[in-house]
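Below: one structure, written as structure tokens.
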Amino acid sequence: MIKKLIRKLIGDKNNSAVNRRRIARAEHGVKEELISPCAIRIVKTLQRSGFEAYIVGGAVRDLLLGREPKDFDVVTDATPEEVRALFRQSRIIGRRFRLVHVRCGRELVEVSTYRAPHQNGEGTQDRKGRLVRDNTFGTIDDDAIRRDFTVNALFYDPISGDILDFCEGYEDVHQRTLRMIGSPTQRYREDPVRMLRAIRLSEKLELTIDSKTRVPFKRLANLLDDVPTARLYDEFLKILKSGASLRSVEQLVRFGFHQSIFPKMSAVVDKGADGEFLRLVFRRTDERINGGKTVSPAFLFAAVFWPDVREAWGFSEDEKKPMGKLARAVNVVTDHMAKTFVPKRLIGDIREIWMLQGRMLFRRGKRPLGVLGHPRFRAGYDFLELRGIVGEIDPQLVEWWEQFQTLNPIERDDWVLKESGGPSGPRKKRKRYRSRRRPDA
């Protein structure tokens with residue numbers, strides 16, 4: 001108890017030097033029904049145990065924008081070990097940032113401890129200034145100024161209903177401005193992924209990136225080359241699932257970020273066939289996300305790399321044996337893909353979507369029935385449909401498969417028989433050979 005009291009007194013002393021603004025519930029008008037009951041319960045438990053606790057970050061920002069947050073983060077002055085001791089369904093994770101994941105049924109809430117900027121602590125950086133370890137705890141003021149954007153540095157107390165603002169983030173939310181806290185160049189060197197996050201948030205939330213925040217983009221784009229592949233994958237997947245992937249990818253190309261992700265993604269701004277196909281894929285993806293539907297990461301990456309497969313395949317509708325050439329093209333591209341940040345667990349599904357593009361060319365005999373029973377048929381058909389829209393294949397092929405999959409089993413057999421030109425006559429009997437082995441004596 002004495003330890004908590006000392007910590008609180010030190011925090012109050014530090015807080016007095018910071019310009020803190022408190023916005024009451026009547027002023028900000030946050031809809032409480034949009035707040036996670038699990039997050040509220042965690043905040044209540046921490047506060048009743050003598051700790052400070054707030055909902056923080058993107059959830060507060062989204063609430064102020066009238067959007068329903070997808071997840072909630074809680075911040076507190078309790079250490080990870082103290083948080084872990086209060087919640088039975090919880091565990092400490094992370095190495096660079098030690099966090100606590102608290103479960104309430106199927107819901108997961110991330111609880112972190114106030115952190116100080118690395119200049120005041122023992123954060124470890126690599127030779128280019130990127131933070132590789134940062135577990136120095138601090139006060140709520142320290143935690144606010146070390147966050148990335150002002151709109152993400154808002155703290156909401158669901159018990160009192162007040163919002164705490166340390167960096168004028170409340171005004172930036174209402175002005176729809178995305179502004180970096182501190183020196184943008186320094187913050188990007190600490191974590192280059194912040195540049196990708198700025199693009200994603202600005203396009204997803206329709207915010208304008210502040211000029212000082214935007215200026216270093218092209219100059220520091222090469223810093224993304226040193227980012228671990230797992231983090232690049234996570235952030236790029238968030239971009240694809242943001243509901244604004246087309247606009248976001250166009251911005252990635254504009255600032256040169258695509259060079260560290262997929263260089264050939266520059267085709268999205270071109271007027272050629274590749275650009276038309278990629279724009280259609282991203283546009284359809286945005287429609288699904290904004291309509292509350294899910295998207296498959298394997299399907300998205302299959303689309304991103306498809307221009308490479310098509311180029312290596314060199315497919316022509318007059319080609320009689322396209323499968324062997326397609327298989328070689330798929331092998332070449334997947335070998336290259338394995339060197340990127342695409343997880344190996346997705347490559348098998350991606351290969352199957354591509355190989356189905358060749359198998360769907362055959363509509364005679366029992367082949368269509370085998371394709372229809374393939375576990376990736378729906379993804380393969382959707383992919384075929386996109387290719388038909390951009391004129392890469394004959395639209396009649398897409399129409400044939402659209403009709404074929406709607407038939408019942410008996411109608412499918414008749415359809416296949418008709419496509420095969422009817423019965424081919426009586427089967428020839430196979431010639432049987434007698435064994436030449438000598439009988440046992």
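The values are calculated or read from the model by the stated rules, or taken from the named source; none is laboratory data. Predicted model, so just to flag it, every value in this text is computed and none were measured. In this analysis, Cβ positions are derived from the backbone assuming ideal geometry, glycine residues included, and neighbour counts consider all displayed protein chains. Just the protein is used for accessible areas: all its heavy atoms, side chains included, with ligands, DNA and RNA removed. Shrake-Rupley method; radii C 1.70, N 1.55, O 1.52, S 1.80 Å.
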> Does segment 360-379 hold any residues that are under 30 Å from the mean Cα position of the chain (by Cα) and either of a type in the set (Ser, Thr, Tyr) or open to solvent by 30 Å² or more (accessible area, probe 1.4 Å) (or both), and which are they?
Replying inline: Leu372, Gly373, His374, Pro375, Arg376, Arg378
>> With the structure loaded, tell me whether Arg279 is closer than 30 Å to Glu68 by Cα, in contact with a Leu (Cβ under 8 Å, 6 or more places away or on another chain), free of Cβ contacts under 8 Å to residues at least 40 places away in the same chain and open to solvent by 30 Å² or more (accessible area, probe 1.4 Å) or whether it fails that test.
In response: yes
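Quick one: in segment 282-305, of everything that is of a type in the set (A, V, I, L, M, F, W, C) and under 17 Å from Arg378 (Cα atoms), which residue is surrounded by the fewest Cβ atoms within 10 Å (Cβ to Cβ)?
Val295
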> When residues of segment 274-299 are filtered for being under 21 Å from Gly391 (Cβ atoms) and not charged (D, E, K, R), how many remain?
Replying inline: 8
>> Looking at Leu178 and the list (1) out of contact with any Asp or Glu (no Cβ under 9 Å at 6 or more places or on another chain); (2) open to solvent by less than 20 Å² (accessible area, probe 1.4 Å), which single condition is not satisfied?
In response: (1)
>> Here's a check for you: in segment 380-408, which residue that is over 23 Å from Phe282 (Cβ atoms) and not in a helix (DSSP H, G or I) is most open to solvent (accessible area, probe 1.4 Å)?
In response: Thr406
>> Name the single residue that is modelled with the lowest pLDDT among those in segment 102-140 being within 18 Å of Arg20 (Cβ to Cβ) and open to solvent by less than 10 Å² (accessible area, probe 1.4 Å).
In response: Ala116
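Here's the yes/no breakdown for (1) among the charged types (D, E, K, R); (2) open to solvent by less than 10 Å² (accessible area, probe 1.4 Å); (3) under 13 Å from the mean Cα position of the chain (by Cα):
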| residue | (1), (2), (3) |
| --- | --- |
| Asn222 | no, no, no |
| Asp225 | yes, no, no |
| Pro228 | no, no, no |
| Arg231 | yes, no, yes |
| Asp234 | yes, no, yes |
| Ile239 | no, yes, yes |
| Leu246 | no, no, no |
| Glu250 | yes, no, no |
| Phe257 | no, yes, no |
>> Please return the ranges of strands (runs of 3 or more DSSP E) entirely within segment 20-117 where 2 or more residues are more than 30 Å from Glu203 (Cα to Cα).
In response: 90-93, 99-104
> Can you tell me which residue in segment 169-199 is farthest from Leu223 (Cα to Cα), limited to those that are in contact with a strand residue (DSSP E or B) (Cβ under 8 Å, 6 or more places away or on another chain) and outside any helix (DSSP H, G or I)?
Replying inline: Arg176
> Hey, Gly314 hits all of (1) open to solvent by less than 50 Å² (accessible area, probe 1.4 Å); (2) modelled with pLDDT under 95; (3) under 18 Å from Phe262 (Cα atoms) but one; which does it fall short on?
Replying inline: (3)
> What are the residues in segment 409-424 that are open to solvent by 60 Å² or more (accessible area, probe 1.4 Å) and among the aliphatic types (A, V, I, L, M), if any?
Replying inline: Ile410, Leu417
>> Restricting to segment 1-41, count the residues that are open to solvent by less than 90 Å² (accessible area, probe 1.4 Å), touching a Leu at 6+ places or on another chain (Cβ under 9 Å) and modelled with pLDDT of 90 or more.
In response: 7
